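Below: one structure, written as structure tokens.
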Amino acid sequence: MLSYEHVYHAGNHADVLKHVTLMLMLERLTQKRAPLTVYDTHAGFGRYDLSDVRALKTGEAEGGIRALLRAFPEETEANGTQEAARLLAPYLALCRAYAAQDRYPGSPEIARAMLRDGDRLLLSERHPQAIGELRRAMRTPPLVPVLGTVKAHVHFRDGYEMLRALTPPPTKRGIALLDPSYEETGDFISCADTVRAVHRKWAGGIIALWYPLLAHRAAETARMKRQVAACAAGSEPCVLDVSLAVQSPDEKTGLAKLYGSGMLVLNFPYQLDEQMRAVLPALAAVLGNAHAAWSVDICLP
């Protein structure tokens, strides 16, 4: 089943968490000269039109990236959190440039904006409509100045299969981002199996897995997280688990059941845990209600 279209949810609280985490990791990795490779298994459109009728129908960007931009005007201090403002500044500057044209940058666009000459970007998408949008987006220059000219290699194929087949990368360093919609129950199993298989042959690679907070999928999510954490067995704890709940689970009813999301990061970059502890309180204050909550944990296998 391929009914999911991310354009309905572009720029929501889950995108904010995922993309802030991705940018902080890319900032750290690009501090070294050695080239890196970024994989995105579920690339979507690449960039999104927030004036699209589908985005307007849900209005989720209003409570997501637009709310964050209002809370941090021109990257100034907000909510008394100077460190959060400093860490969020690159993400906010990028999103502000796209918001000026009613656009929002997806993870492929963020990676293109941050990668340098010599770095590699591999994208996979199997939705027949999304792949066309992705190819068009990747043929269009980013809306911001970039560090290098990186050609995105776009694959019309299953993202899990792409990641298994094309790792380890020749650059040795890099990030694999997995962010399926989880509309298929098998995604929980596929994610854990893929992370395990990829980590086995690319032990030093950073693998970042986005997951939804859904009350009716709590058991599947917990099982997946345990399986990913088990990849670190026999070594130093190296799986970071960050989560942001913008409201309590019982406030979400009907079809709209996503009350938050999280990121599991295997081999997370130095200080990412400290950075997320500084950023998440500000995100919870801006994007959540009185019942918002956040957590940063290092998973023990």
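The values are calculated or read from the model by the stated rules, or taken from the named source; none is laboratory data. Everything numeric in this text was worked out from a predicted model, so none of it was measured. Glycine also receives a Cβ, built like all others from the backbone with ideal geometry; neighbour counts cover every protein chain displayed. The protein model used for the area step is the full one, side chains on, heavy atoms only, and it has no ligands, DNA or RNA in it. Shrake-Rupley method; radii C 1.70, N 1.55, O 1.52, S 1.80 Å.
Observations on the structure shown:
- Residues satisfying the stated conditions in region 88-122, i.e. over 30 Å from Pro168 (Cβ atoms) and either open to solvent by 10 Å² or more (accessible area, probe 1.4 Å) or in contact with a Cys (Cβ under 8 Å, 6 or more places away or on another chain) (or both): Ala89, Ala93, Arg96, Ala97, Ala99, Ala100, Gln101, Asp102, Arg103, Tyr104
- Among residues of region 207-250, those that are among the aromatic types (Phe, Trp, Tyr) and either open to solvent by 30 Å² or more (accessible area, probe 1.4 Å) or within 21 Å of Leu29 (Cα to Cα) (or both), counted: 1
- Unique match (being part of a helix (DSSP H, G or I), farther than 16 Å from Leu22 by Cα and either in contact (Cβ under 8 Å) with a residue 12 or more places away in the chain or out of contact with any strand residue (DSSP E or B) (no Cβ under 8 Å at 6 or more places or on another chain) (or both)) among Ala89, Ala97: Ala97
- Close pairs (7 angstrom Cβ cut-off, 6 or more residues apart or separate chains): part of a loop (DSSP other than H, G, I, E, B) in region 26-52, surrounded by fewer than 20 Cβ atoms within 10 Å (Cβ to Cβ) and not charged (D, E, K, R) anywhere: Pro35/Gly118; Pro35/Thr171
Residue-by-condition table, conditions (1) over 19 Å from the mean Cα position of the chain (by Cα); (2) farther than 18 Å from Ile110 by Cβ:
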position: Met162; (1), (2): no, yes
position: Ile175; (1), (2): no, no
position: Tyr211; (1), (2): no, yes
position: Thr221; (1), (2): no, yes
position: Val228; (1), (2): no, yes
position: Ala232; (1), (2): yes, yes
position: Leu240; (1), (2): no, yes
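- In region 48-69, the qualifying residues are those that are basic (Lys, Arg) and modelled with pLDDT under 95, and the one that is nearest to the chain's Cα centre (by Cα) is Arg54.
- Of the residues in region 278-286, at least one is out of contact with any Pro (no Cβ under 9 Å at 6 or more places or on another chain) and among the β-branched types (Val, Ile, Thr).
- Region 113-135: number of residues that are in contact with a helix residue (DSSP H, G or I) (Cβ under 8 Å, 6 or more places away or on another chain) and not in a helix (DSSP H, G or I): 7
- Selected residue (criterion: farthest from the chain's Cα centre (by Cα)) from residues of region 177-198 that are over 21 Å from Ala219 (Cβ atoms) and buried (at least 21 other Cβ atoms within 10 Å of the Cβ): Val198
- Residues satisfying the stated conditions in region 28-59, i.e. of a type in the set (D, E, K, R) and either under 19 Å from Leu143 (Cβ atoms) or buried (at least 20 other Cβ atoms within 10 Å of the Cβ) (or both): Asp40, Arg47, Asp49, Asp52
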